[in-house]
Amino acid sequence: MQQSLQGHINKIVQISNEEFAEMESFFLKKSFKKDEYLAQAGKTAKYEYFVLSGLVFASHLNDKGKIHVIQFAMENSWITDSHSYNMGKVANLDIKCLEDAEIYCITYENKEKLCAFSKKMEYYFRKISIESNILLQKRIIMSTYANFKDRYELFIADYPKIDKRVSKTLLASYVGVSRRTLGDI
């Protein structure tokens with residue numbers, strides 16, 4: 001499974017097996033069960049998570065009790081409450097497992113140490129941050145003008161085959177429509 005993280009890094013910057021072995025010590029590898037929380041709103045997000053196997057999602061519960069899905073993370077994806085993790089503030093998001101998951105966790109402090117230790121990893125984390133911002137910006141722009149079918153197609157393009165692993169209710173929340181409307185696609 002660790003090859004998954006090393007493979008993800010190698011898509012952006014080449015690292016040897018020896019370099020990866022040194023870098024791996026900055027991470028904590030954990031197993032989570034379906035429905036287990038990785039992070040919860042109201043608490044500080046201590047880790048950024050790289051999903052080796054399984055599926056997790058980040059959501060926000062509004063004051064009316066409605067869940068808004070912000071992000072999904074499946075194999076070879078990163079997820080966290082960015083504001084909480086990077087600023088040490090209280091999290092606004094819940095991050096929960098939809099499936100049993102194997103995950104690499106890294107604290108903010110260890111990420112900073114890792115980036116100081118390895119310029120390759122500093123470059124890697126900068127590139128994945130840029131990719132994440134691009135996806136978020138694309139999603140925000142689409143939500144301002146696109147109809148739900150276009151938003152759904154963007155979702156499928158960004159998360160191929162995930163529609164087979166996610167409930168229609170969560171998918172509808174991510175796309176920003178009711179479950180009933182999603183059924184019309």
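Close contacts from the range 21-38, counting a first residue that is closer than 17 Å to VAL56 by Cα and a second that is in a strand (DSSP E or B) and among the small types (Gly, Ala, Ser), with Cβ to Cβ under 7 Å and a gap of 6+ residues or different chains, come to PHE32/ALA101. All of (1) assigned to a strand (DSSP E or B); (2) in contact with a helix residue (DSSP H, G or I) (Cβ under 9 Å, 6 or more places away or on another chain) hold for LEU38 with one exception: (2). From the residues in the range 150-166 that are in contact (Cβ under 8 Å) with a residue 60 or more places away in the chain and not in a helix (DSSP H, G or I), which one is surrounded by the fewest Cβ atoms within 10 Å (Cβ to Cβ)? My answer is ARG165. Taken as a whole, the structure leaves TYR104 outside the set of residues that are crowded, with 18+ Cβ neighbours inside 10 Å and over 28 Å from ASN86 (Cβ atoms).
Within the range 98-107, not a single residue is at pLDDT 95 or above and assigned to a helix (DSSP H, G or I). Set side by side, the residues LEU135, LEU171, LEU114 differ, and just one is surrounded by fewer than 18 Cβ atoms within 10 Å (Cβ to Cβ) and in contact (Cβ under 8 Å) with a residue 12 or more places away in the chain, which is LEU135. Within the range 138-149, being part of a helix (DSSP H, G or I), more than 23 Å from THR80 (Cα to Cα) and free of Cβ contacts under 8 Å to residues at least 24 places away in the same chain holds for THR144, TYR145. Any residue that is within 14 Å of the chain's Cα centre (by Cα) and closer than 13 Å to TYR104 by Cα - is there at least one of those in the range 59-71? Scanning the range 59-71, I find no residue that is within 14 Å of the chain's Cα centre (by Cα) and closer than 13 Å to TYR104 by Cα, so the answer is no. On the given criteria, is TYR85 over 23 Å from TYR174 (Cα atoms) and over 12 Å from the mean Cα position of the chain (by Cα)? The answer is no for TYR85. Looking at the range 61-80, is at least one residue assigned to a loop (DSSP other than H, G, I, E, B), in contact (Cβ under 8 Å) with a residue 60 or more places away in the chain, under 29 Å from ARG151 (Cβ atoms) and among the polar types (S, T, N, Q)? Yes, there is a match, as at least one residue in the range 61-80 is assigned to a loop (DSSP other than H, G, I, E, B), in contact (Cβ under 8 Å) with a residue 60 or more places away in the chain, under 29 Å from ARG151 (Cβ atoms) and among the polar types (S, T, N, Q). If you go through the range 60-87 and keep only what is in contact with a strand residue (DSSP E or B) (Cβ under 8 Å, 6 or more places away or on another chain), surrounded by fewer than 18 Cβ atoms within 10 Å (Cβ to Cβ), more than 30 Å from ALA21 (Cβ to Cβ) and at pLDDT below 95, you end up with LEU61, ASN62, ILE67, HIS68. Within the range 88-101, the set of residues being buried (at least 17 other Cβ atoms within 10 Å of the Cβ) and of a type in the set (D, E, K, R) comprises ASP94, LYS96.
The values are calculated or read from the model by the stated rules, or taken from the named source; none is laboratory data. Keep in mind the model is a prediction, meaning the values are calculated, not measured. Glycine also receives a Cβ, built like all others from the backbone with ideal geometry; neighbour counts cover every protein chain displayed.
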